[in-house]
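The values are calculated or read from the model by the stated rules, or taken from the named source; none is laboratory data. This is a predicted model, so every value here is computed, not measured. Heads up, the Cβs are rebuilt from the backbone with ideal geometry, glycines too, and the neighbour counts pull from every protein chain shown. Side chains included, ligands, DNA and RNA excluded: accessible areas come from the protein's heavy atoms. Shrake-Rupley method; radii C 1.70, N 1.55, O 1.52, S 1.80 Å.
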Amino acid sequence: MSECTHDCGSCGENCSERTAPEHEKLHDLSTVKKVIGVVSGKGGVGKSLVTSMLAVTMRRRGFGTAILDADVTGPSIPQGFGIHEKAQGAEDAIFPAVTKTGINIMSLNLLLENETDPVVWRGPVISGVVKQFWTDVIWQDIDYMFVDMPPGTGDVPLTVFQSIPVDGIIIVTSPQDLVSMIVTKAVNMAKLMNIPVLGIVENMSYFECPDCGKRHFIFGESNLERIAKENGIPEIARIPIDPDFSHQVDCGLIELFEGDWLEEMADAVEKA
Ligand code: ADP
């Protein structure tokens, strides 16, 4: 073991003196029962789509559901739900946007004057914004909050994990991306934070021919089961490539998606 620096936040050792990170406090008017972080090794694998679909699934089950869009440099959550208005603020708080079916959302895009403005901030500023989404937003009666994490396993996601009490992590990958290294990195980050990994979702797993129903593994068949087993991850799910999804996201209609690929993942979330 390396020499102890007494800074558990930056040390990976699992020693007996390890302390839990100091999480930021919620606003007095907020209640959030469970927080699930959705992570990926890199951008563009469908993390925001999976976050949105999981939130829609939990909402359909009747739970108070929220999405905290922590992917500050690529905040794409509001688009999928057709939310373009700005968030409203009171003196010491911000109100989340509420989707057609009642999912509460906070995203940097609800605060930017112009949705297409680029966000060119450095890590500490980004982490500060995410902390404020947790502390300054009034999250009322939320059973399940999904946090769309910044991609990767670097400094920014790590700081987010240290400020928000995450109960479980779901890893999103695409088949090209499903080399065990990326999954192992995410698993190690979760271990460092003492947070269980609930499952892996392989997005863009295959394409199902609408005419004959045959499945085509465009990016090759993956070894999802083996990687999950090697890393002790209990639940797996596969989502196909479907042009309907990108259409629904573009038109703000993701609440209308149909398909049961995430039902077992949602069961795992309920048990988290
Ligand atoms: P990330 O959050 O990982 O950067 P997104 O969820 O924003 O990725 O997805 C990137 C793009 O790919 C979006 O336009 C999304 O609609 C599209 N997309 C994601 N998954 C699928 C899928 N399974 N089928 C079709 N389009 C998809």
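In this structure the chain gives 49 Å² per residue of accessible area when probed at 1.4 Å with all protein chains present.
Note on the chain: with neighbouring protein chains present and a 1.4 Å probe, carbon and sulfur make up 51 percent of its accessible heavy-atom surface. Short-range pairs are left out: with C-alpha atoms under 8 Å and at least six residues apart, the relative contact order of the chain is 26 percent.
Taking label positions 7 Å along the Cα-Cβ direction at both Asn194 and Leu29, the computed distance is 3.3 nm, reported to one decimal. Filter Lys42/Lys86; Lys42/Lys229; Lys214/Lys271; Lys47/Lys131; Lys185/Lys229 down to the pairs with a C-alpha to C-alpha distance above 24 Å, please. Lys42/Lys86; Lys214/Lys271, as the Cα separations exceed 24 Å there. Temperature 10 °C, viscosity 1.306 mPa s: under these conditions the Stokes-Einstein estimate for segment 200-272, based on its Kirkwood radius over C-alpha pairs, is 114 µm² per second. What the Cβ-Cβ distance of Asp267 and Cys212 gives, at R0 = 41 Å and to the nearest 0.05, is a FRET efficiency of 0.85. Among Pro96, Pro151, Pro124, which one moves the most in a GNM of the chain with springs linking Cα atoms closer than 10 Å? Maximum fluctuation in the GNM of the chain, among the listed residues, is at Pro124. Projecting label points 7 angstrom from Cα along Cα→Cβ for Asp260 and Asp141 puts them 2.9 nm apart.
Projected onto their three principal axes, the Cα atoms of segment 151-272 cover extents of 47, 32, 27 Å, largest first. Per the Cα gyration tensor, segment 41-111 maps to an equivalent ellipsoid with semi-axes of 19, 17, 10 Å, ordered largest to smallest. Equivalent ellipsoid of segment 158-222: semi-axes from √(5λ) of the C-alpha gyration tensor, largest first, are 31, 12, 8 Å.
A simple charge model with +1 on the Cβ of Lys and Arg, -1 on the Cβ of Asp and Glu and nothing else charged puts the dipole of the chain at about 380 debye relative to its Cα centre.
FRET efficiency for the pair Glu91 and Glu113, taken as 1/(1 + (r/R0)^6) with r the Cβ-Cβ distance and R0 = 25 Å, rounds to 0.75. Label separation (Glu221 vs Arg61): 3.1 nm, computed from points 7 Å beyond Cα along the C-beta direction. Only helices reaching 15 angstrom along their own axis (Cα) with mean Kyte-Doolittle hydropathy no lower than -1.0 count here, and for the DSSP H runs of the chain these are 47-60, 123-135, 180-192. Working value for the chain: equivalent-ellipsoid semi-axes of 28, 25, 17 Å, each the square root of 5 times a Cα gyration tensor eigenvalue, largest first.
Short-range pairs are left out: with C-alpha atoms under 8 Å and at least six residues apart, the relative contact order of segment 31-129 is 25 percent.
When the chain is described by a simple charge dipole with +1 on each Lys and Arg Cβ and -1 on each Asp and Glu Cβ, the residue from Gln176, Phe81, Ile138 located farthest towards its positive end is Gln176. Annotation note: GluC sites (Glu not before Pro) in segment 63-124 located in DSSP loop regions with a Cβ neighbour count of at most 10 within 10 Å are Glu85, Glu91, Glu113.
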